[in-house]
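The values are calculated or read from the model by the stated rules, or taken from the named source; none is laboratory data. Here the structure is a predicted model, which means the values were calculated and not measured. A quick note on method: Cβ atoms are made from the backbone with ideal geometry, for glycine too, and the neighbour counts reach across all protein chains shown. Side chains included, ligands, DNA and RNA excluded: accessible areas come from the protein's heavy atoms. Shrake-Rupley method; radii C 1.70, N 1.55, O 1.52, S 1.80 Å.
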Amino acid sequence: MKDLLKLKSSISEEIENILNAQVKVEAHSSALYLAMSSWCDDQGFDNSANFFAKQANEEREHMLKLFNYINNRGGRAISPEVTNIPTDFESFRGVFEQTLEQEMFVTEQFNNIADRCMKAKDYVTFNFVQWFLEEQVEEEYVARRILELFDVIGEEGTGRWEIDRHLVKVTFDGE
């Protein structure tokens with residue numbers, strides 16, 4: 001029976017494990033951005049609060065996309081436990097610096113997944129992961145551009161309010 005069950009899965013145990021690990025990373029990102037949203041709301045940065053709420057939802061969608069993929073390929077997706085989410089942040093700029101760091105970490109993780117898929121000759125999953133890698137280009141770009149607002153506008157006086165007002169205009173066109 002165990003051999004028959006093994007035949008039902010189209011992904012190896014190794015690939016299933018690294019995808020489940022990424023499910024946890026996406027869940028952590030979602031919870032982190034939700035915490036950032038709450039912090040920004042508390043600080044009076046309404047646009048930033050909305051930005052991070054949207055980011056939290058996107059990360060949850062990414063988590064579910066991975067979760068469903070694992071199950072659809074005959075694997076067993078694991079609902080992750082999310083812990084160690086901060087509720088307070090050092091500064092307005094620091095929130096966006098942490099965002100860029102998180103997105104760069106996620107990109108690195110997806111690059112590692114793609115590499116392991118190639119080594120395992122799992123080209124279907126390699127192809128699936130390409131969508132996430134393309135998405136990461138946008139995520140990193142937006143985070144970098146928002147951080148540039150801190151350098152261009154500055155934080156003194158009404159600077160943080162201006163940054164909060166302008167960050168909604170940061171978009172990625174992919175060209």
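State all residues of the stretch 37-50 that are open to solvent by less than 10 Å² (accessible area, probe 1.4 Å) and either out of contact with any Ser or Thr (no Cβ under 7 Å at 6 or more places or on another chain) or free of Cβ contacts under 8 Å to residues at least 24 places away in the same chain (or both); if no residue qualifies, say none.
48, 49
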(request) Inspect the stretch 131-147 for any residue being touching a Cys at 6+ places or on another chain (Cβ under 9 Å) and either part of a helix (DSSP H, G or I) or closer than 26 Å to residue 52 by Cβ (or both) and give the result as yes or no. (result) no
(request) May I ask you to list the residues in the stretch 84-108 that are outside any helix (DSSP H, G or I) and either surrounded by fewer than 11 Cβ atoms within 10 Å (Cβ to Cβ) or touching a residue at least 60 places away in the same chain (Cβ under 8 Å) (or both)? (result) 84, 87, 88, 90
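Can you give me the number of residues within the stretch 92-149 that are touching a His at 6+ places or on another chain (Cβ under 8 Å) and under 30 Å from residue 10 (Cβ atoms)?
2
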(message) Just to be sure I understand the filter: pairs with C-beta atoms under 6 Å, separated by 6 or more residues or on different chains, first member in the stretch 117-144 and aromatic (Phe, Trp, Tyr), second member open to solvent by 80 Å² or more (accessible area, probe 1.4 Å). Which pairs pass?
(response) 126/118
(request) Scan the stretch 131-175 for residues that are open to solvent by 20 Å² or more (accessible area, probe 1.4 Å), under 20 Å from residue 101 (Cβ atoms), of a type in the set (Asp, Glu) and touching a helix residue (DSSP H, G or I) at 6+ places or on another chain (Cβ under 9 Å) and jot them down. (result) 135, 140, 155
